[in-house]
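So the structure is just underneath, and the comments pick up after that.
The values are calculated or read from the model by the stated rules, or taken from the named source; none is laboratory data. Because the structure is a prediction, the values reported are computed rather than measured. No Cβ is skipped: glycine too gets one built from the backbone with ideal geometry, and neighbour counts run over all protein chains shown. Quick note on the areas: whole protein, heavy atoms, side chains included, nothing else; ligands and nucleic acids left out. Shrake-Rupley method; radii C 1.70, N 1.55, O 1.52, S 1.80 Å.
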Amino acid sequence: MTGQKNDFTLPRMSVWNKLEENDLQDIEMLVKSYKEYLNNAKTEREAVSVTEAMALMNGFVPIEEIEREHKKNPSTPLAGKKIYVTNKNKNILLAIIGSTPITEGFSLIASHIDSPRLDLKPNPLIEKEKLALLKTHYYGGIKKYHFANIPLALHGVIFTKDGRKINLSLGEKEDDPVFTVNDILIHLSKKVQYERKTPDVIKGEELNILFSSIPLPEGDKKKRVKLMVLDILNAAYGITEEDLVSAEIEAVPAGKARDVGMDRSMVGAYGQDDKICAFCSLAALFDINTPLAETSVVLMADKEEIGSEGNTSMQSNFFKLSIARLIALQEEYNSLKLMKSFMGSRAISADVSAAINPNFPEVHDHNNAPRLGYGIAITKYTGKNGKYNTNDANAEHLYSVRNIYNEAGIIWQSAELGKVDEGGGGTFAKFLAKLGIDIIDSGPALLSTHSTFEVSSKADILMTKKAYKAFMLFEKTKK
Ligand code: MN
Ligand code: MN
């Protein structure tokens, strides 16, 4: 047979070629608030406070308020209530309550709001070669040399001896000072640096932040630059060196999110892994204005970049407790009901994947690698060395997500994290999967993930937000 044949291949298309006029306007509005979100939420603590403020503006109320109301009047209907709950200033969970019991399952979009960075050591301040430096311990997977020679800002909290909590954000405003890690100049690099392997171009103990240079006036004291800067810190914040021990200060790239490209089609910024998914899940949730059958939950976790350990991570009790509290609002709680609820739930592990980088295309299997601007990625598994340490999503759940996306007109692509045995990584999907939740990784692809300037496609941001919204709105009975 000759002539026109049907095309049975998996379609792959640039989102840009499929957009309509109103989509372009949607992108502009969405990306404007996305960039603001990135600028104001560089750390997990800031992400929680920005998210909480947005939640309040969108009619969400703290769970404690609903619990009090419920105690007074248990017959008040819950369906349609918008609730949020926070955990230790580093996690937030938001929910719109549906009309069916939570014990029958809920939908979940879970992302993480921590990003790789340099954390100050507990006792960070030293003087070396007549300069004051801050010692750091890097957090998460970074190429250490990325953090040298760029302006850094300091974000975090300090708890003082006299009982104050200082919220620090220094280096973001136009007239703020910034900080930096100094690499060795090229003229003298030959012996000290050029023989090193890439991960050691800058070593961990060389990630010292230049902090100040003026010494105390001449005297017999040693370390006069350190003494001088302690005076400055005390004048500015009323703190002593000991107060720095009870602080959490994170050094992150200073500056704002920017448009990238002559066509302004991309966003460049620090921390898009994974605030791009956190933001898109929020935008999707805030866009829901029809009654839901199933309760929709949006969760933002911390500590994903260091293996989801600790009491603000996905492995902490916060998520389970929050769902238990939601059940307890609807009916008498017991742990059997909680387990049943998880078993009936469906989720997206909202995290980024790795787009093909034209400078290093050889690390990908191109049949299974996502492209920038080609829609939200669906990643069945991550892991390394033969799918170790990953959630390998069920075909049933993948089928369901694929259908939801197709029915909503979402442009999506199938993704894998690099060639087999090329490297690898993971997400927290595996921890939620253990609870019995059907879960799969799905989020936009980035270029230069974990660098100080990650790049995303504006078209993928729109697709991701729409995809998450469609996932929340899907009615399980149709399955
Ligand atoms: Mn991530
Ligand atoms: Mn990451």
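With N as its number of residues, region 117-253 has a Cα radius of gyration that, divided by 2.2 N^0.38 Å, comes to 1.11.
The stretch between residue 68 and residue 406, if pulled fully straight at 0.36 nm per residue, gains 117.5 nm over its current Cα-Cα span.
Compute the acute angle (0 to 90°) between the alpha-carbon long axis of helix 21-40 and the principal axis of greatest extent of the alpha-carbon atoms of the chain; round to the nearest 10°. Approximately 40 degrees, to the nearest ten. Surface listing: 282, 185 arranged by accessible area from highest to lowest gives 185, 282, probe 1.4 Å.
Multiply the residue separation of residue 88 and residue 189 by 0.36 nm, subtract the distance between their alpha-carbon atoms, and state the gained length in nm to one decimal. Here the segment from residue 88 to residue 189 would lengthen by 31.9 nm. Here r is the Cβ-Cβ distance between residue 7 and residue 396 and R0 is 22 Å; the resulting FRET efficiency, rounded to 0.05, is 0.25. At q = 0.09, 0.12 Å⁻¹, what is the log10 ratio I(q)/I(0) for the chain, with the Debye formula run over Cα points and no solvent? With no solvent term, the Cα-only Debye profile gives -0.65, -1.09. What share of the DSSP beta bridges in the chain is antiparallel, in percent to the nearest 5? Just about 70 percent of them are antiparallel. Taken one residue at a time, the phi angles of region 79-86 give Karplus couplings (6.51, -1.76, 1.60, θ = phi - 60°) of 4, x, 5, 10, 10, 9, 9, 10 Hz. Gly and Pro are set to x. Take the Kirkwood radius over Cα pairs of region 1-73, plug it into Stokes-Einstein at 10 °C and 1.306 mPa s, and you get 93 µm²/s for translational diffusion. Helix 395-407 and the longest principal axis of the C-alpha atoms of the chain enclose an angle of approximately 80°. Think of a 1.4 Å ball rolled over the protein heavy atoms: the chain then has 49 Å² of accessible area per residue. I'd like the carbon and sulfur percentage of the solvent accessible area for the chain, probe radius 1.4 Å, heavy atoms only, ligands and nucleic acids excluded. Its accessible area is 53 percent carbon and sulfur atoms. FRET efficiency for the pair residue 332 and residue 165, taken as 1/(1 + (r/R0)^6) with r the Cβ-Cβ distance and R0 = 30 Å, rounds to 0.20. The alpha-carbon atoms of region 31-144 define a convex hull whose volume equals 179 cubic angstrom per residue. In the chain, the longest principal axis of the Cα atoms and the axis of helix 44-57 are about 50 degrees apart.
Amide H contacts of residue 212: 132, each under 5 Å away and 5 or more positions distant or on a separate chain (H built 1.01 Å from N in the peptide plane; Pro and chain starts excluded).
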